[in-house]
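The values are calculated or read from the model by the stated rules, or taken from the named source; none is laboratory data. Quick caveat: nothing in here was measured; it's all calculated off a predicted structure. Cβ coordinates were reconstructed from backbone atoms using ideal geometry, including for glycine residues, and neighbour counts include every protein chain displayed.
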C-alpha cells in the first residue's frame, strides 16, 4: 500500500490540506505489524541461473510503526489542515494512541485538525 492510499494531499487556495483515511491507515498499520511487506525486486533472468542454484534468500523491506508514523508526520510538514475521515476505525487501542499522537504533534506545529462528521 502506498502512502497516497490513505493520505491525500491537495491545495485549497493558498492552504495545503490533507485528507487522512483512518480506515486505510489502519489496514496499512495492520500490515506493518503482521510483517506483510514488499520484498526486493528479483533481478536477472531464469536462463542466467544455474539449475542447482535454488531460490535466493528473501529480503523483506520492513519499517517499524514508530518510523512509519514519524515519516507520515514528516510528509505533513507543509500541510496546514488535516481532515480526518473514518473515525470509527480509531477504536483499536494502540492504533488509536498512535494516530492521536500524530495529530497532537501536527497541532503542536501549528496545524489544524478537522474531523469528518459521522454518516
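Tabulated data
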| item | result |
| --- | --- |
| Residue 71 vs. criteria surrounded by 10 or more Cβ atoms within 10 Å (Cβ to Cβ), out of contact with any strand residue (DSSP E or B) (no Cβ under 6 Å at 6 or more places or on another chain) and at pLDDT 60 or above | yes |
| Failed criterion for residue 33 (all others in (1) at pLDDT 80 or above; (2) touching a helix residue (DSSP H, G or I) at 6+ places or on another chain (Cβ under 9 Å); (3) part of a helix (DSSP H, G or I) hold) | (1) |
| Contacts under 6 angstrom Cβ, first residue in region 74-94 being at positive phi, partner outside any helix (DSSP H, G or I) and surrounded by 15 or more Cβ atoms within 10 Å (Cβ to Cβ), 6 or more apart | 86/21 |
| Selected residue (only one of 63, 104, 82 is closer than 28 Å to residue 16 by Cβ, under 19 Å from the mean Cα position of the chain (by Cα) and either at pLDDT below 85 or in a loop (DSSP other than H, G, I, E, B) (or both)) | 63 |
| Selection within region 9-20 - without any contact (Cβ under 8 Å) to a residue 12 or more places away in the chain and touching a strand residue (DSSP E or B) at 6+ places or on another chain (Cβ under 6 Å) | 10 |
| Residues satisfying the stated conditions in region 101-119, i.e. within 22 Å of residue 33 (Cβ to Cβ) and in contact with a helix residue (DSSP H, G or I) (Cβ under 8 Å, 6 or more places away or on another chain) | 101, 102, 105 |
